[in-house]
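Encoded as structure tokens, the structure appears first; notes follow it.
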Amino acid sequence: MELPGGRQFAYVDHGRGPALLLLHGYSDTSRSFSLIAPSLDGYRLIIPDLGGHGGSMPKEGLSVAELARDVDRLVDRLAISEFALVGHSMGAMVAVEIAARRRQAVRAVVLLSGSLKPDFGPRTDVARAIRALKDPLGADDAFFDRWHACSQPVDTAFLMYLRREAAAIPTSTWRTLLDALAETDLTSRAAQVRAPVLCIAGAQDPLFDVGHRQVLAETFASVRSITLEGHGHNPHWENPAEVAALVLSFLGDEGGWPGSTSDLSATHARR
């Protein structure tokens with residue numbers, strides 16, 4: 001899809017049923033959801049490469065609001081009147097922004113490893129590591145061992161694809177995204193979200209700990225929270241079948257869409 005200014009915006013549009021927009025994290029692409037997508041049968045999966053990632057060309061500004069604006073244009077182009085959102089990490093932040101903007105259209109929101117204020121300030125380990133990156137990046141750079149670290153075994157071929165795609169991002173784009181995330185505070189936007197929200201996080205998430213999860217649980221008008229023991233920042237890679245089951249159950253309960261209607265808190269006992 002071509003955006004204003006001639007920028008290309010890439011996305012996957014697969015399946016039939018209610019529209020489910022899946023938004024990936026920092027340095028990932030639509031591939032981030034390839035392990036979980038087969039378990040989300042019954043939905044039309046729309047999975048963009050956010051600006052500056054994969055096949056979507058970068059622009060000068062890459063704030064959460066600007067990334068959301070591109071997704072807004074995609075929704076308009078596809079003439080989608082209502083949809084649900086699933087966002088991972090940075091994509092979870094973009095999902096919050098979209099849900100605040102499109103309160104009438106968004107039926108439900110699922111946040112995987114989300115945060116309203118990521119706090120990637122200059123003194124944090126993640127900020128120092130990203131600012132130390134130099135072009136050209138290689139997929140074998142030791143940085144990616146930490147960046148893509150998982151608490152559960154994940155397919156090595158899948159992770160190698162992610163490393164290659166992340167290494168293809170210029171370090172200037174890495175830093176632009178980092179600066180934007182360091183200034184991000186979605187607290188007021190989250191308070192405007194009216195759709196029901198499900199927050200799924202790993203107990204061993206090295207980026208967004210229990211403090212971030214507590215803020216999410218206290219800010220949204222309607223929210224359920226599930227923490228998966230033994231999981232890290234990427235639960236949809238580490239355990240795609242279980243995460244898909246949680247997503248489908250939530251969508252079935254809250255939106256009346258395809259999915260089971262099991263009681264999430266009773267079944268998983270990890271609220």
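Entry remark, the stretch 205-244: residues being open to solvent by 50 Å² or more (accessible area, probe 1.4 Å), in a helix (DSSP H, G or I) and in contact (Cβ under 8 Å) with a residue 60 or more places away in the chain number 2 in total.
Within the stretch 147-181, the set of residues being open to solvent by less than 50 Å² (accessible area, probe 1.4 Å) and basic (Lys, Arg) comprises ARG163 only. Could you grab the pairs with beta carbons closer than 6 Å, sequence gap of 6+ or different chains, first residue in the stretch 113-138 and modelled with pLDDT of 95 or more, second one open to solvent by 70 Å² or more (accessible area, probe 1.4 Å)? Every condition considered, the pairs that remain are LYS117/ASP185.
Pick out the one residue from ARG69, ARG44, ARG16 that is touching a Leu at 6+ places or on another chain (Cβ under 7 Å), within 29 Å of GLY256 (Cα to Cα) and open to solvent by 40 Å² or more (accessible area, probe 1.4 Å). Steps first, answer last, please.
Details: ARG69 fails: touching a Leu at 6+ places or on another chain (Cβ under 7 Å); ARG16 fails: touching a Leu at 6+ places or on another chain (Cβ under 7 Å).
Testing whether each residue is touching a Leu at 6+ places or on another chain (Cβ under 7 Å), within 29 Å of GLY256 (Cα to Cα) and open to solvent by 40 Å² or more (accessible area, probe 1.4 Å) leaves just ARG44.
Please work out if SER113 is in contact with a helix residue (DSSP H, G or I) (Cβ under 8 Å, 6 or more places away or on another chain), polar (S, T, N, Q) and closer than 15 Å to LEU186 by Cβ. For SER113, the condition - in contact with a helix residue (DSSP H, G or I) (Cβ under 8 Å, 6 or more places away or on another chain), polar (S, T, N, Q) and closer than 15 Å to LEU186 by Cβ - is met. Hey, can you tell me all the residues within the stretch 100-138 that are loosely packed, with under 15 Cβ neighbours inside 10 Å, in a loop (DSSP other than H, G, I, E, B) and over 20 Å from the mean Cα position of the chain (by Cα)? Matches in the stretch 100-138: GLN104, GLY121, PRO122, ARG123, ALA132, LYS134, ASP135, PRO136, GLY138.
Being part of a helix (DSSP H, G or I), open to solvent by 50 Å² or more (accessible area, probe 1.4 Å) and modelled with pLDDT of 95 or more is not true of ARG194. A single entry from LEU74, LEU22 fulfils the requirement of being modelled with pLDDT of 95 or more and either assigned to a helix (DSSP H, G or I) or open to solvent by 20 Å² or more (accessible area, probe 1.4 Å) (or both): LEU74. Of the residues making up the stretch 160-191, just one is among the hydrophobic types (A, V, I, L, M, F, W, C), assigned to a loop (DSSP other than H, G, I, E, B) and under 16 Å from the mean Cα position of the chain (by Cα), namely LEU186.
Evaluating CYS199 against the criteria (1) of a type outside the set (Lys, Arg); (2) open to solvent by less than 20 Å² (accessible area, probe 1.4 Å); (3) modelled with pLDDT under 95 leaves one unmet condition, (3).
The values are calculated or read from the model by the stated rules, or taken from the named source; none is laboratory data. Keep in mind it's a predicted model, so treat the numbers as computed, not measured. In this analysis, Cβ positions are derived from the backbone assuming ideal geometry, glycine residues included, and neighbour counts consider all displayed protein chains. Only protein heavy atoms, including side chains, enter the accessible area calculation; ligands, DNA and RNA are left aside. Shrake-Rupley method; radii C 1.70, N 1.55, O 1.52, S 1.80 Å.
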